[in-house]
Amino acid sequence: MLFIAVTMAFLYVVRNNRARKLFLLVASYYFYAYWDWRFCGLLLIITAVNFLAGLGLKRTDHRGKRTALLVVSLVCSLGMLGFFKYFNFFVDSFQAMVAPLGLHVHTLRIILPVGISFYTFQSLSYTIDVYRRQLKATDDFWDFALFVSFFPQLVAGPIVRASDFLPQLESARSLTRSRLFLGFRQFTYGLVKKVLIADHLAMVSDFVFQNMGVFDGWTTWVGVLSYTGQIYCDFSGYTDMAIGTARAMGYDFCKNFDHPYTATTVTTFWHKWHISLSTWLRDYLYIPLGGNRKGRVRTYVNQLVTMVLGGLWHGAAWTFVFWGGFHGLALAFDKRLNLHKRLKTAALPWRFLGWAHTMLIVVVGWVFFRSQSFQAAWTCLTKMFDVVHFNEGVHWIALQFLVCVPVLAFTHAISVTRWKNLLALRANRWYTPVILFALVWLVLLFQPKEFAPFIYFQF
Amino acid sequence: MRVLVLWVLGLVIATLLVWAVGTAGISEVSNRQWNELVGDYIVTGRRSAVGEGRGTVCFRDDGIQGVSGPFSPDEQHVVFWGDSFVESFNVGDEKSLYRRFTELARAEGYPWRAVAVAQSGRDISHHIHLMPFYRERIPNLKAHVLLFSVWDVLPNGRTLLEDARPVCRWAPRRPGLLRLRPAIQAYRLQTFWELLNLMKTSFGGLRVRPGPAGTATGQGDQEFESADAYRPFWRELLKELTAQAGGQRVVLMYHPRCPQIKRGRIVYADDNARLAQAFMQVCAEQGVEVLDLTRTFADYTRRTSRFAHGFSDTFPGKGHWNEAGHRLIAKTAFQYLVDHPQPKAPQE
């Protein structure tokens, strides 16, 4: 909090744009170094590789050279990501295959750099856009470095596009009271989501998932629904804090979540969940693979491949891959039945059924996402859907679940009604400061005793 | 300027609002300390904030805790001693152990009435010092029942002669007064200072850190010395306990922290069983009656898949006794006194 306060104070005192940007760059690297200074070098390498690739692409029209530059950028960036994040995963998987032959392959002790998935994708999007001539490469290394390392979104997104952010860096941003208010408001909402909801639900979901075999069906559902709430509030909470902080500094990021649990189809869900990642996958993976332009079957395959790789992006484990594939199949099913378009104009009962079907898929998917293994996921699903033994086991309906999930459900439900702006506090209302400060007090009063790291820090 | 004033006012109003709501959940009780010269408890001038849901077994004006109304000459009294467990932390007074015991006794036709002398953090050495006070003031005392865990029988770096009497949290006569009404009636400055303290500590403690923060680890299991190291202390403790009881019956009841959910299964074994068994052995040698509630709790969990510890806002099996736990202990104590109307002979 002190870090943010000092940064904000500097920005409000110093008006010179260059000075501000340099300060933000230093602050961002300090922010990253606070975790582990050794990986600032990695951040710098990825920044430099993509910046130089962009410069090279700007200076040549030769197709072969341009392709080579793009390949260099892809290999370096994805290579780094692959090594740090997936080396041991692939080694372990290979080891499992060759173990019956008596072979043994050693893994390495590799630290996963925080945020590597995010800033790698972010810088790659720049190079690809420059290659496609959709974006003009920048000559300013410091601007580009700031774009890659900007601390509010460095470690857990959103994955900001260069075309959105670089133009904002060109001119001094006016820091108005309105921006400060909007930023503070969004930051507070994010803090509430993270500390009051996500961290409390985490206590429930962690305990249930760690001791899955003991509980009855009801408690298992409580644990899974708690995780469903936790992951949304944790991630969107962080995003809100990131977007709010950036806004207060004068920079605008796009929304990353749009009440995803109101979606009536899986397709709509992915339009509302982690929007920056799903659009990145769409623009840089799905469409280059052919998108929906190569026939129905190829479309389904493209969707499946995109989602499998999206699952793998989240973590180096087969459960994440399965989760991605599971959603890929659900998307293919949506596409096959044209659910997305049909439910847009359908009557309420059908849309409700669509919502229930989507929530079921999402919730089942989270079981795989959260579980440490397929065995654990299977145990969980068995407990959830075994009607014969549903009441067998320890019964625990946690208070945190009873309070937090209805609050979350309410905020989601209200977003699809005409009262959706009810929760958007306006600056000119007398009660706005009262409510915001009361929320901050609630965060202080009800913060859990143990600090729960943001889930998406591990990606 | 107008905007600044609006926001400052907003902060003040929000603080007052939160404080006002907080007073509904926090009550103040006065602290009293035993004064040897006066021979009674006197007000220390300090007050404690007791959170809603915390048990505070109330005091009468004469300093007797854990009973309301006068003593009847037709009744026999059983005094339950303990810490926050017996103080019925998070359990309503009407569901607490001592009320349950009295109801059970009445239902079965026994003229027994339970008195609960308990406060958070106390152990057996505290009870020893308090015993003469209650012994002299409670008529027809049938038995002292002391509920203990292994932590309550450890030396704790303090000898039996030190720190004679603990400070008592002196709550009003009726537990109902711990709720909203006195909060509205009284000016709860204590709560306001607590909020300010919370703000001071929380802004340092609440860190939306740049990097991944280490998750705080839960309390590790305490390392105990071997039972043999404690035996001399236990013999002294029990000797002093018996002496301070002045010939009145003493029954110790061991309450373990089990069953618990650990590593994906229900663990029925008590982590501290070895130490507890060693202490109970010394009790038997000294002729002090002792009961072990391990099996009582385990049977309850096996039968119902529920736990005698824990609430909806805690993990099952962890924390203080819930209503079921209080009921089980009351029933066990009652049944024991029915089955053994006289003290057991040593080594029985």
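Points to keep in mind about this one:
- Total residues in the stretch B:59-81, condition under 14 Å from the mean Cα position of the chain (by Cα) and on the phi < 0 side of the Ramachandran plot: 4
- 1 or more residues out of contact with any Ser or Thr (no Cβ under 9 Å at 6 or more places or on another chain) and of a type in the set (F, W, Y): qualifying helices (runs of 4 or more DSSP H) within the stretch A:1-70: A:2-13, A:17-36
- Any hit, the stretch A:378-387, residues being in the same structural domain as A:Y261 (by TED's automatic domain parsing) and outside any helix (DSSP H, G or I): yes
- Residues located in the stretch B:273-313, provided they are part of a loop (DSSP other than H, G, I, E, B) and either of a type in the set (S, T, N, Q) or in contact (Cβ under 8 Å) with a residue 40 or more places away in the chain (or both): B:G287, B:V288, B:L293, B:S305, B:F307, B:F311, B:S312
- Within the stretch B:298-341, restricting attention to residues that are of a type in the set (S, T, N, Q) and more than 13 Å from chain A (Cβ to nearest Cβ), the residue that is farthest from A:L399 (Cα to Cα) is B:Q335.
- Among the candidates A:V407, A:V394, the residue that is modelled with pLDDT of 90 or more and away from every other protein chain (no Cβ under 12 Å) is uniquely A:V407.
- Counted residues, the stretch A:427-446 - those being at pLDDT 85 or above and loosely packed, with under 11 Cβ neighbours inside 10 Å: 1
- All positions within the stretch A:98-122 that are without any contact (Cβ under 8 Å) to a residue 24 or more places away in the chain, assigned to a helix (DSSP H, G or I) and surrounded by 11 or more Cβ atoms within 10 Å (Cβ to Cβ): A:V98, A:A99
- The residue list A:S117, A:S77, A:S28 contains one member that is touching a His at 6+ places or on another chain (Cβ under 9 Å) and under 25 Å from A:V155 (Cα atoms), which is A:S117.
- Number of the exception - A:T60 against (1) out of contact with any helix residue (DSSP H, G or I) (no Cβ under 9 Å at 6 or more places or on another chain); (2) free of Cβ contacts under 8 Å to residues at least 40 places away in the same chain: (1)
- Residue in the stretch A:377-390 that is more than 24 Å from the chain's Cα centre (by Cα), at the interface with chain B (Cβ under 7 Å from one of its Cβ atoms) and of a type in the set (F, W, Y) present: no
- In the stretch B:259-271, the qualifying residues are those that are within 14 Å of chain A (Cβ to nearest Cβ) and in contact (Cβ under 8 Å) with a residue 12 or more places away in the chain, and the one that is surrounded by the fewest Cβ atoms within 10 Å (Cβ to Cβ) is B:Y268.
- Residue match in the stretch A:212-227 (condition: in contact with an Asp or Glu (Cβ under 6 Å, 6 or more places away or on another chain), within 14 Å of chain B (Cβ to nearest Cβ) and among the hydrophobic types (A, V, I, L, M, F, W, C)): no
- Hits in the stretch A:400-443 (condition: of a type in the set (S, T, Y) and part of a helix (DSSP H, G or I)): A:T411, A:Y431, A:T432
- Within the stretch A:248-278, considering residues that are of a type in the set (D, E, K, R) and farther than 17 Å from A:K344 by Cα, the one nearest to the chain's Cα centre (by Cα): A:K255
- Checking each residue in the stretch B:279-293 for being over 19 Å from B:Q342 (Cα atoms) and in contact with a Ser or Thr (Cβ under 7 Å, 6 or more places away or on another chain) picks out only B:L293.
- Any pair with Cβ under 8 angstrom, 6 or more apart, that starts in the stretch A:416-440 at a residue that is at positive phi and ends at one that is modelled with pLDDT under 90: none
- For the stretch A:447-456, a tally of residues being within 8 Å of chain B (Cβ to nearest Cβ) and modelled with pLDDT of 65 or more returns 1.
- Filter pass, A:R133 being farther than 30 Å from A:A246 by Cα, not in a helix (DSSP H, G or I) and not assigned by TED's automatic domain parsing to the domain that holds A:G237: no
- Hey, A:T264 crowded, with 21+ Cβ neighbours inside 10 Å and not in a helix (DSSP H, G or I) or not: yes
- Residue match in the stretch A:273-294 (condition: outside any helix (DSSP H, G or I), closer than 24 Å to A:A413 by Cβ and among the aliphatic types (A, V, I, L, M)): no
The values are calculated or read from the model by the stated rules, or taken from the named source; none is laboratory data. For clarity, every value in this text was computed on a predicted model and none was experimentally measured. All Cβ positions, even for glycine, are placed from backbone atoms using ideal geometry, and neighbour counts span all protein chains on display.
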